[in-house]
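Written below as C-alpha cells is the structure these notes are about.
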Amino acid sequence: MNNRNKRIIIHSSRSPGPTQFFDTTDGVFIDETHTMHFINSGDAELKITDIPYAIELRFTSLTFFDSVKLCVIPETEAKKFLESGGACLKVLQGDDERQSLENEERLLVGATVASGTAATAASVASIPFVMGFTSTGVAAGSTAAGIQAGIGSVAAGSWFATLQSIAATTLIGTAAPVVAAGAALAGTAACGYALHRRLKNKNNQERVIIYCSGNHGPSHFFDIEEKEFIPKNIAGDRLKRSKCQMKLMDLPYPIEFNVFDKSFFDTARSIIIPEFEAGGLVDSGGAVLRT
C-alpha cells in the first residue's frame, strides 16, 4: 500500500480519550487489538505524538491542515476530528501561517521539514531497531541504551516503554515506521493535553468565536460574547489581540434547556449560562434553543 494512503494511528499515553490510540482515518479512538491488526497487516502507520493533535486553520485562506497527515483536509473532516476529542484547533495567522505554507511546500517536493508551530509535536522519524530497540530488549551500546542509562527507571506508559513494547511485539522491520518525538515530545504533549483540558473546562471564560462556512448569517464568524456576526478581519483582530479561541460549529449553535433544573447550557463554551444570556444569543440569530 502507498504510504500516502496508509491509515495513521496516533498513540499517546497522555490521551484524554477512552483509549491511547486514535485512528485519524475514521476519526475515532480504537483499542489495542484493532491497532495491532491494522499495523501487522501493513495497512497502518503508527505515530507517537500529543493527543489531541493540531488541526491548523490557516486564517487567510480558511483552509485546514492536518499536522499528522501533513495535508490539507476538508472542513467536514476537521469538524469530525475536533468533535471526537482527538484533535484541537490551532488558528494560524501572519508569520505562523506563512511558515505552515512553506513547510507544506517543502513536504510536497519531498523534503523533511520540522513544523515550527506551537502545540504541534516536533517529531523525528525513526525505526526502533535503528535506535537499539529489539525483540529481546535494548541492545547494548545503542542509542536506546544510552537514553535508558540517563532515564534510570523507565516509567510505564512513557514513550521509551512504548518503543520497547513495539519492538517486543515484532513491529520493527515492518512497513510501519514509528515517529518518536524524543525529549521534545514531553513538552509538546503536555501543552496539547493542557489545551484539551482547558477547552473541556466548563468554567472556561475565554471569548469564543464560532466559524462556519455554511451558516446563514451575514458572515462566517459569530462572536458569542458580543452576540453578533462579525467580518473576517474583525475576527482575525480579536483572535490576535484578546484571550480568544475559535471553534468550528454549525450556526446557529444549540443552547440546551434542561427541563428538570430549568438551566441553559451553552454547547460552544461548555458552561451553564443565565436565561437572559441564552435569550440574547437566540434573538441574535447565532444560537437556537434545544430542549
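The values are calculated or read from the model by the stated rules, or taken from the named source; none is laboratory data. These numbers were taken from a predicted model, which means no experiment stands behind them. Glycine gets a Cβ as well: all are built from the backbone with ideal geometry, and neighbour counts include every protein chain shown. Keep in mind that these areas ignore ligands, DNA and RNA; they rest on the heavy atoms of the full protein, side chains included. Shrake-Rupley method; radii C 1.70, N 1.55, O 1.52, S 1.80 Å.
If you go through segment 131-155 and keep only what is modelled with pLDDT under 70, under 17 Å from residue 165 (Cβ atoms) and surrounded by fewer than 16 Cβ atoms within 10 Å (Cβ to Cβ), you end up with just 151.
For segment 29-42, the criterion of being under 24 Å from residue 90 (Cα atoms), among the small types (Gly, Ala, Ser) and either at pLDDT below 90 or open to solvent by 70 Å² or more (accessible area, probe 1.4 Å) (or both) is met by none of the residues.
Every residue, every condition in (1) acidic (Asp, Glu); (2) open to solvent by less than 40 Å² (accessible area, probe 1.4 Å); (3) modelled with pLDDT of 85 or more, yes or no:
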| residue | (1), (2), (3) |
| --- | --- |
| 52 | no, yes, no |
| 60 | no, no, yes |
| 69 | no, no, no |
| 90 | no, no, yes |
| 102 | yes, no, no |
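For segment 255-291, the set of residues classified as among the hydrophobic types (A, V, I, L, M, F, W, C), in contact with an Asp or Glu (Cβ under 8 Å, 6 or more places away or on another chain) and outside any strand (DSSP E or B) consists of 278, 281, listed by residue number.
Could you check segment 1-100 for strands (runs of 3 or more DSSP E) lying wholly inside it with 2 or more residues that are within 26 Å of residue 155 (Cα to Cα) and among the β-branched types (Val, Ile, Thr)? Write out each step before concluding.
Details: elements: 7-11, 21-23, 28-30, 44-48, 53-58, 63-66, 71-73, 87-92.
Once the strands (runs of 3 or more DSSP E) in segment 1-100 are filtered for at least 2 residues that are within 26 Å of residue 155 (Cα to Cα) and among the β-branched types (Val, Ile, Thr), what remains is 7-11.
Sub-7 Å Cβ pairs linking a first residue in segment 70-85 that is closer than 18 Å to residue 50 by Cβ to a second residue that is assigned to a helix (DSSP H, G or I), at least 6 apart or interchain, are 70/107, ordered by first then second residue.
Yes/no per residue for (1) touching a Phe, Trp or Tyr at 6+ places or on another chain (Cβ under 7 Å); (2) surrounded by 14 or more Cβ atoms within 10 Å (Cβ to Cβ); (3) under 22 Å from residue 90 (Cα atoms):
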{"site": "210", "(1), (2), (3)": "yes, yes, yes"}
{"site": "216", "(1), (2), (3)": "no, no, no"}
{"site": "232", "(1), (2), (3)": "yes, yes, yes"}
{"site": "273", "(1), (2), (3)": "yes, yes, no"}
